[in-house]
Structure formats: C-alpha cells, structure tokens
Amino acid sequence: MSTDPELTFPAPSFPQNPRLNAPIAPWWHTWIFIAIVIGLSVYQGRPSVVARATQLPSRIPIYIGTLVYELVLFGYAWLGLRLRGVRLREVIGGRWDRLADVLIDVATAILFTGVVWVALVILSLLLHFSGVEAAKPLLPQSLTELGAFVTLSVLAGFCEEFVFRGYFQRQFLAMTNTSWLAVALQAVIFGAAHLYQGWRGVVTITVYGALFGILAVMRKSLRPGMIQHAGQDALSGIGGYFLTKYRVI
C-alpha cells in the first residue's frame with residue numbers, strides 16, 4: 001500500500017464565495033428597514049398627502065421629495081452594509097472590465113423589457129389596473145420637469161434595485177437559504193412600498209419586483225436590472241410628456 005500522503009488524505013475544498021449566503025447587514029437593521037419602508041408607504045397613501053401633491057402647480061417638489069426618499073433608502077441600506085464590512089460591489093455583482101461586458105448587460109436589459117411589458121399587459125387585463133392612469137398625475141408637463149424626471153428615474157433605477165434586489169434579497173437569501181423564497185419576500189416588500197397605489201397596484205408591482213429578482217439571480221448581478229429599471233422609467237416620463245403635450249392622454 002502506498003504511504004503517499006496525497007493519496008491518503010483528500011485535498012480540502014473551499015466555497016468560491018463563502019459570504020454569498022451570509023447576512024450582509026445586522027438583522028435588527030433589516031427589521032427597522034422594513035418598518036421604515038412600509039411606514040413611509042402608508043404615509044404617502046394618506047388622502048391629505050395625495051391631495052396636496054396633486055394640487056401643486058409644479059411637479060418639481062414631488063420629484064425632489066421622491067429623490068430624497070430614494071437617497072434615504074439607499075443610505076440606510078449602505079449603513080447596514082458598513083456595519084458588516086460588506087462592499088457595494090459585492091452586492092451589485094458583475095464586472096465591466098470590457099466594452100463587451102457593458103453591451104451584454106444592455107442587451108439583457110433590452111430583452112428583459114419585453115418580458116416586463118408582456119407581464120404588465122397581462123396584469124392590467126386581469127386586474128383592470130392602468131399604470132398609465134396611476135402615473136398620469138406625476139408625468140412631467142415642461143422641459144424642466146422632464147429633465148428632473150429623467151434624473152430621478154436614473155437615480156431610482158439604481159437605488160431601488162440596490163435596496164430591494166440587492167439588500168433585501170441577499171438578506172432573505174441568508175435567512176431562508178432558498179433563492180425563490182428570497183425573490184418572493186423582497187417582491188412582497190417592494191409591493192408594500194407602493195401601498196398608496198391600492199391593492200391592484202401592489203399586486204402588479206409585487207410581480208414586477210419578482211421579475212427583477214429572478215433576473216438578478218439568473219445574471220448574478222444587479223446591473224441589467226438597474227439599466228432596465230432606469231431606462232423604462234425615463235422612457236415612460238419622456239413618452240408621457242409628449243403624449244400629454246399633444247393631448248393623447
């Protein structure tokens with residue numbers, strides 16, 4: 001019998017990413033975060049708040065308030081990462097080392113847009129919910145408002161994907177050790193963040209969030225989702241501006 005130690009003892013194996021299923025923030029931080037998201041959503045849905053927002057002569061204050069809201073969510077999520085020593089790029093995933101990497105993510109975002117639109121059309125028919133009608137009071141009415149809306153769209157695309165498909169989905173993955181449960185739970189929180197749109201809006205946005213969660217799992221990156229989210233919101237504002245200007249809607 002050989003006494004060669006290499007034949008006697010198997011070489012140890014190490015996981016490629018031992019932090020993948022580990023919490024990226026303290027759990028107390030996550031529970032407070034959920035309470036903040038739902039609490040702000042309930043506040044935004046109060047009739048008095050909605051009435052004041054729709055009576056403003058300009059939508060710029062609404063856009064600025066939403067921008068601050070997005071930055072608050074991002075800042076709180078980032079603080080949780082800092083408490084655990086986790087870097088932003090660990091949560092975002094993916095790399096852009098070459099132009100081809102960027103083009104692949106852009107192409108993925110474009111293809112994913114088709115999936116999103118089909119899902120939204122089906123949901124609108126089943127639930128009798130019009131996203132256009134829900135968003136109409138927030139559509140830009142001037143070039144200044146349009147510029148502010150596009151800026152907000154880009155910021156929201158980054159922040160919301162990072163918060164929900166990044167922070168929450170990774171936390172729920174650590175909790176359940178199951179990707180589909182993590183996707184479902186973050187989608188529920190994402191839907192609850194839009195309680196002010198009514199139950200039909202919540203259901204629609206929950207499914208919308210689940211699709212983005214699946215994309216993040218499949219691509220192991222938030223980048224395609226960020227691109228699609230920002231692009232769709234920006235194009236919605238641009239399209240809405242011209243449709244409103246020419247009295248199509």
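What follows is calculated from the coordinates using simple rules that are stated; it is not laboratory data. Bear in mind that the values here come from a model prediction, so they are computed numbers and not experimental data. Here the Cβ positions follow ideal geometry from the backbone for every residue, glycine too, while neighbour counts run over all protein chains shown.
The table below gives the values:
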item	result
For LEU125: the one exception among (1) more than 20 Å from the chain's Cα centre (by Cα); (2) within 21 Å of PHE158 (Cβ to Cβ); (3) not small (Gly, Ala, Ser)	(2)
Test: residue in the range 57-78 that is surrounded by fewer than 13 Cβ atoms within 10 Å (Cβ to Cβ), under 25 Å from SER41 (Cα atoms) and of a type in the set (Lys, Arg)	no
In the range 84-122, the residues that are more than 29 Å from THR204 (Cβ to Cβ), under 19 Å from the mean Cα position of the chain (by Cα) and assigned to a helix (DSSP H, G or I)	LEU88, ARG89, GLU90
Single condition TRP180 does not satisfy, out of (1) within 11 Å of the chain's Cα centre (by Cα); (2) free of Cβ contacts under 8 Å to residues at least 24 places away in the same chain	(1)
Some residue of the range 96-111 being surrounded by 12 or more Cβ atoms within 10 Å (Cβ to Cβ) and closer than 21 Å to TRP28 by Cα	no
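Conditions (1) crowded, with 18+ Cβ neighbours inside 10 Å; (2) β-branched (Val, Ile, Thr); (3) in contact with a Ser or Thr (Cβ under 8 Å, 6 or more places away or on another chain), marked per residue:
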position	(1), (2), (3)
TRP180	no, no, no
ILE205	yes, yes, no
GLY213	yes, no, no
ALA230	yes, no, yes
ALA234	yes, no, yes
GLY237	yes, no, yes
GLY240	yes, no, no
